[in-house]
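Visitor: Below are the structure tokens for one structure; questions will follow.
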Amino acid sequence: MRKVHSGRPGLRQASALALLAGFITALASSRDASAQATPKASAGASTARDESGGPSPRRVVAVLELTGEVNLTTFEYESLTDDVRGAALALPPEQFLIMTRESMLAMLPPGTDLAQCSEGQCEVEAGRRVGADLVVAGAVWWFAGDLSVSLKLFDTASAALLAQKTASGASLAEARDRLNQAALALFAPLMPQAPPEPEPVPPIKIVVPDTDPGRHRHDGFLLRMAVGPAYVRETGSSSDVSETVAGASMALSLAVGAALWDNFVLNLDLFGGVVYTPTVNSRSGGETSSGTVSGNLSTYGVGAGFTWYLTAANLLIGVSAGPAWTSFKGQDGSTSRSGVGFGSDILLGKEWWISDNWGMGAAVQSYLMSVPGATTDISGTSASTRFLVLGVGALLTFTYN
């Protein structure tokens, strides 16, 4: 494409002014004739009519023929105009009525050429004359080596310029490809605006009053019961006599106390276990014997101590110490007891809450006792000695707090 030069500039401007004056004169004459001949013009200047003949609430949009001094054929100018008119069809049909070329010409005097109107006031007047609420006009020209199509959108009531867009391309085909996008942008202010998305509502937090202030807290009264398998070993020796009693045991622990402050409890602890049919290894006068004994070896300890809970993981550390003793009950009913000695108990474990105040967990227990007793050598002579008792077990705990 290239711009066509048309002789002297003065002559060309004079011709354009003459055409504009003739068009305005034709519009004025047509207005007077229409006012005398029929009331249609006065009623139709601002209101479109639907197919039933009644007034339409829709706003009427008119697209005037694009103009310009570019060497394009009439068909090419009309095709560009139709592209803009087609983009106007994207407007909501329930709100806008798009006039065709034929409907606009039918409302103007015969022989009127809409392409000769290129000034803003003339374009607005033409829109009013065909009964449009909105009018689109445009021009085509060469600029900086590109073919540009400029579009303007006017409000015919106020003659205000509502929007202006331009599509450019190195050729007519390229400019036409971009024209549709420019036309849609021109009509964007007329498109219905989507309602703004509501701001997200923060979730409502329902706070339930705590009816039990001691829920999941280690405070107040403490009752802890623990039971589980263990291994117990008791050893003692005097002069040339030594004795070891060992075997599997059922370990028990019972703690009762009260919290000095949250997570720290002072308690009394009853601990120990029972070894059923223990194994006895003895050495006396250089002779060694071993075997099982029919009977039960019982170990007992009563200690005062504390239980400390680590709140985050609900881990517990329990320590107690106090008097301890052992006893043996044979199958024939005979019973022998040691003297009262000293014992200590250590409990390490973890618990999980299973209700508001009850917890269940697992723990490792280790207790150590030193109790006085007697050993008997091969000749039957009894000698005083101390027995050392060690117990290690894995316990299941149940705690009320």
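The values are calculated or read from the model by the stated rules, or taken from the named source; none is laboratory data. These numbers were taken from a predicted model, which means no experiment stands behind them. So basically every Cβ, Gly included, is an ideal-geometry build from the backbone, and we count neighbours across all protein chains shown.
Visitor: Just the residues that are surrounded by 16 or more Cβ atoms within 10 Å (Cβ to Cβ), farther than 20 Å from Thr292 by Cα and at pLDDT below 90, please, taken from the stretch 224-251.
Guide: Of everything in the stretch 224-251, just one residue is surrounded by 16 or more Cβ atoms within 10 Å (Cβ to Cβ), farther than 20 Å from Thr292 by Cα and at pLDDT below 90, namely Ser238.
Visitor: Are there any strands (runs of 3 or more DSSP E) wholly within the stretch 260-371 with 3 or more residues that are at pLDDT 90 or above and more than 16 Å from Ser249 (Cβ to Cβ), and if so which?
Guide: Correct list: 264-276, 295-310, 315-330, 341-353.
Visitor: For the stretch 303-317, enumerate the residues that are of a type in the set (Val, Ile, Thr) and over 41 Å from the mean Cα position of the chain (by Cα).
Guide: Thr307 - this is the single residue of the stretch 303-317 that is of a type in the set (Val, Ile, Thr) and over 41 Å from the mean Cα position of the chain (by Cα).
Visitor: I'm checking my understanding of the structure. Among residues of the stretch 119-149 that are touching a Leu at 6+ places or on another chain (Cβ under 8 Å) and among the charged types (D, E, K, R), which one is surrounded by the fewest Cβ atoms within 10 Å (Cβ to Cβ)?
Guide: Glu119
Visitor: So, Ala28, is that one at pLDDT 85 or above and surrounded by fewer than 18 Cβ atoms within 10 Å (Cβ to Cβ) or not?
Guide: Criteria not met by Ala28.
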